[in-house]
Amino acid sequence: MYIPNNVDIYTGALTGALAGMGVSDRVPTSPVPGSYTGVVAVADAFAQCLDSLVPPFGPALPAVVLQLATSLSSAAWQDRAPQPSPDTLNPSYYLPLCNALLALGMEYAVLVGAVPNLPTIGKVLVDGSDTTADFLNPKIAAGAGITLAVLNPGANEQLEITATAASEDHKVSVTAADTTPGFLASKLSPGTSVVLALLNPGANEVVEINVPSATPTAHASTHLPNAVTDPLSTAAPATGIGGGNAVGVANAFARSDHDHTIRETGGPTDLTVGVIADGQSVQRVGSTLVGIPNDVISVPSPIMPVAAQTTRALPATFEGGAYRIVKRCTVAALAGRMTAGAVGATVRYALYQVPGGLESGVAALLATGTFASAGAATNFSIAIPGTVVEAGILYVLCGLGVAAPAFTSRVYTSIALDLLNTNLSGVPIQFTTAISSLIAPPVTFNPSVSAVNSAVSLIPIIRLN
């Protein structure tokens, strides 16, 4: 369905054309609407053509314009009633007629003052204030990079507008005030120690900027602690080796592989370090610190006074005594003596110590181990490598490792003394426990809680290797 550009003009042209065609038939006689389909279709094609040519006058048209559209269309079609055909139903078929009618009507409208002076048909104004109407081509000015060309001159003309890409020379300016643009390579100037190189000349060119390696001028003295130009900072050590911490005054640095003597605070005497084997104690001999071997075999002393030795058939619960350790040591093995036992008879030992070697408190398990009899009296050794025992009190507990056969070991004969193993309350030094020795010992042992004082000789004779 056609949508009018201007409803009033389209309607006036359509009704005028129908009126003229009706007069040409003198008097319409058919009462059937379908009898006039062809006439209405021809009138519609004409009205579309005229409507497409009329310039817009705004939303409110003067009455004289509408009257002209109706009266001129009626007069044009008077005494004519063309039959529908491909030509008569094509709006462009009526362009010559409509252009002529429009020119006549507009001239009349201007004459009577119904509309202002209008451009000649086919001419245009740039805007409402334009004083000179002209055809489209002269009303469009070509700017930079724009070309105008009239296509199909003298026929269905068109105005072709072509844009030409602006030329770009790819030159650069250093700043907005630069008066001489140039290519990138020419606008870069290498300074001291900088080298420019053009890569891929004539292709995808790249400017490479290099700083060649160079041997710096000797300037080590400028970084000495006392230098004025660029001294490196120094400070006192966080911890010292001997005397008090101090920055020092020497104008030099030590190499990373430098060596130290040990300075005696009270001297000050510089001490050198001799050979010290792993696990040895350190002793000063003159101005040299040397390693002194620890005892290869240590016999810990029971706190309880003893008079002789006897035998003890071990129970299935731990028992034992307290020993005095005179210096910190690392123990590799525990040695003892079995006096009787069948094949498979087993003893289990456990060593406990309160942190710091104290007598009372919760003792931690230091080491444990077992020995199984081959069926004859013998000395035995139980490996407990790397066991560190502090100076102080050590609790040694022993008992059967398996329920049977029996295991008899050598123990000290203790003397019954008040407040040591008789008439005693508090931490015992010779005791029994309810802790099973048939399984692994607990990780802690509190002698004040788990040990029961006993006058029976219970302290095993042992050596710590």
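None of the figures in this text is laboratory data; all of them are computed from the coordinates on show. Only a predicted model underlies this, so the values are computations on that prediction, with no experimental measurement involved. Note that each Cβ is placed from the backbone with ideal geometry, even for glycine, and that neighbours are counted across all protein chains shown.
Packing, taken as the mean count of other beta carbons within 10 Å per residue, orders the peptides 366-377, 414-425, 315-326 from highest to lowest as 315-326, 366-377, 414-425.
In plain terms, the chain from Leu89 to Ile146 could stretch by 16.5 nm, reckoned as 0.36 nm per residue minus the Cα-Cα distance.
A cut-off of 5 Å between modelled amide H atoms, ignoring neighbours fewer than 5 places along the same chain, links Leu417 with Thr422. Between Val282 and Ser221, the modelled label-to-label distance comes to 4.1 nm, taking each label 7 Å out from Cα in the direction of the beta carbon. Simple spin-label estimate for Asn251 and Val290 gives 4.3 nm between the two label positions (7 Å along the Cα-to-Cβ direction from each Cα). Sorted fewest first by neighbouring Cβ atoms within 10 angstrom, Cys398, Cys49 come out as Cys49, Cys398. Ordering Ile140, Ile439 by the number of other Cβ atoms within 10 Å of each residue's own Cβ, fewest first, gives Ile439, Ile140. Packing-based ranking of 220-232, 9-21, 331-343 yields 9-21, 331-343, 220-232, ordered from highest to lowest mean Cβ neighbour count within 10 Å.
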